Amino acid sequence: MSWFKRIKEGITTSTSEKKETPEGLWYKCPSCKSIIPSQEHEDNMWVCVKCGYHERIGSAEYFAILFDDQQFEEFNINLTSDDPLEFVDTKKYSERLVESQKKTGLKDAVRTASGKCNGYPLTIACMDFRFIGGSMGAVMGEKIARAIDYSIKHKTPFLMISKSGGARMMEAAFSLMQMAKTSAKLTQLSEAKLPYISFLTDPTTGGVTASFAMLGDLNIAEPGALIGFAGPRVVKETIGKDLPKGFQTSEFVLEHGFLDIIVNRTELRTKMGEILGYFAH
């Protein structure tokens, strides 16, 4: 007789006794398909430990990475978009705004705050792609303008973290006006002799790229970020030709002189401290 013999056929554990694996314990990298413990992925600042793929993150994560002890003062929190055009596509714009606010817990696609990074004062405006694709509307333009005013008043460097699909079509010309508005404010920042650091993340496209995102005294980006005006599919269809390998990635943009440096997110805080220290002296 064998040392082990099944005396009951099939699975006899009752449904109530079965234990499910808790959700969210593992992260699967969309680039290399490696499966990594979620906590390890978060500890590595949402960068794949196997291939270096940078997962998209939002303002909460960037504020946690950059501000000392995660201490900062957020301002203009309750500014929200209106619907002056009463825009309707598949649904009303006003309804889309309410849905996005409930889903994300955000008021709009950008948050602004001030604090210290490696001991140096810093004002940050950071976009959230989860809110209508990080699109630029009147509220985004106003919050960025007010953040720049804050930088000028308190004499701090200004960091813009871009992650956007471009202008918000539901606000039409009101959205496009923000390109000029923010660029004019950056001129005032320059006249005050305060540094503007533009940090481009995946994706930075459309009117955002065509305005403030490319106007930094220092333009930096994350590895592999999509950076351009029109997306690669639109460009390919327009010119009718295949595009170069890596077209519109941050590496391609750096090679063609539109970026100063590419910084891995795991090194961002250290590098930002070096940059702020340089401008401070």
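Here are the numbers:
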item: Residues within the stretch 182-224 that are assigned to a helix (DSSP H, G or I) and buried (at least 17 other Cβ atoms within 10 Å of the Cβ), tallied; result: 11
item: Pairs, first outside the structural domain of ASP108 (by TED's automatic domain parsing) in the stretch 37-58, second aliphatic (A, V, I, L, M) and in a loop (DSSP other than H, G, I, E, B), C-beta under 7 Å, six or more apart; result: PRO37/LEU25; SER38/LEU25; GLU40/VAL49; TRP46/ILE57
item: Pairs, first more than 18 Å from GLY58 (Cα to Cα) in the stretch 91-110, second outside any helix (DSSP H, G or I) and not hydroxyl-bearing (Ser, Thr, Tyr), C-beta under 7 Å, six or more apart; result: TYR93/ASP83; TYR93/PHE87; SER94/ASP83
item: Matching residues, the stretch 117-135, being part of a strand (DSSP E or B) and either over 16 Å from SER81 (Cα atoms) or among the acidic types (Asp, Glu) (or both); result: CYS117, TYR120, PRO121, LEU122, THR123, ILE124, ALA125, CYS126
item: Of all residues in the stretch 60-81 being touching a Leu at 6+ places or on another chain (Cβ under 9 Å) and either assigned to a loop (DSSP other than H, G, I, E, B) or not assigned by TED's automatic domain parsing to the domain that holds GLN178 (or both), the one that is nearest to MET136 (Cα to Cα); result: SER81
item: Yes/no for ASP82 being modelled with pLDDT under 95, out of contact with any Pro (no Cβ under 6 Å at 6 or more places or on another chain) and not β-branched (Val, Ile, Thr); result: yes
item: Number of positions in the stretch 257-277 that are among the aromatic types (Phe, Trp, Tyr) and either closer than 17 Å to GLU61 by Cβ or outside the structural domain of GLY119 (by TED's automatic domain parsing) (or both); result: 0
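The values are calculated or read from the model by the stated rules, or taken from the named source; none is laboratory data. Everything quoted here is computed from the prediction, not taken from an experiment. Every residue, glycine as well, gets a Cβ built from its backbone with ideal geometry; the counts of neighbours run over all protein chains shown.
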